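Here's the structure we're looking at; comments come further down.
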Amino acid sequence: MGTDHPAVMGTLESLAHACSLSGHEDHALKYYNEGLERLYELDEDNREHQASIMFKMSRIHGNLQDIEAQLE
């Protein structure tokens, strides 16, 4: 399929979401970061999808009480 295939991107987001739900925020952030990096490489103009991932990451940082990372 390749690393930039939509199914791979969706799987990364699903893994991140599952990790977040199970209390493994560090793993969730890792998967969201990886997906975001791939998205930048694939289509840097896709602002809506980027914003969606960043919002999810921001929520996790908020749950971790890491306000500076949340704002970033």
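The values are calculated or read from the model by the stated rules, or taken from the named source; none is laboratory data. This structure is a prediction, so every number in the text was calculated from the model and none was measured. Don't worry about glycine lacking a Cβ; one is built from the backbone with ideal geometry, like all the others, and counts go over all protein chains shown. Side chains included, ligands, DNA and RNA excluded: accessible areas come from the protein's heavy atoms. Shrake-Rupley method; radii C 1.70, N 1.55, O 1.52, S 1.80 Å.
Structure data summary
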item	result
Residues located in region 18-45, provided they are of a type outside the set (Phe, Trp, Tyr) and touching a helix residue (DSSP H, G or I) at 6+ places or on another chain (Cβ under 7 Å)	Cys19, Ser20, Glu25, His27, Ala28, Leu29, Glu34, Gly35, Leu36, Arg38, Leu39
Residues of region 55-72 satisfying the condition of being in a loop (DSSP other than H, G, I, E, B) and either at positive phi or open to solvent by 100 Å² or more (accessible area, probe 1.4 Å) (or both)	Gln65, Glu72
Of all residues in region 17-54 being of a type outside the set (S, T, N, Q) and not in a helix (DSSP H, G or I), the one that is least open to solvent (accessible area, probe 1.4 Å)	Gly23
Residue pairs meeting the criteria (Cβ under 7 Å; at least 6 apart or on separate chains; first within 12 Å of Lys56 (Cα to Cα) and among the hydroxyl-bearing types (Ser, Thr, Tyr), in region 27-44; second modelled with pLDDT of 90 or more and part of a helix (DSSP H, G or I))	Tyr31/Leu12; Tyr31/Leu15; Tyr31/Ala16; Tyr31/Cys19; Tyr32/Ala16; Tyr32/Ile53; Tyr32/Lys56; Tyr32/Met57
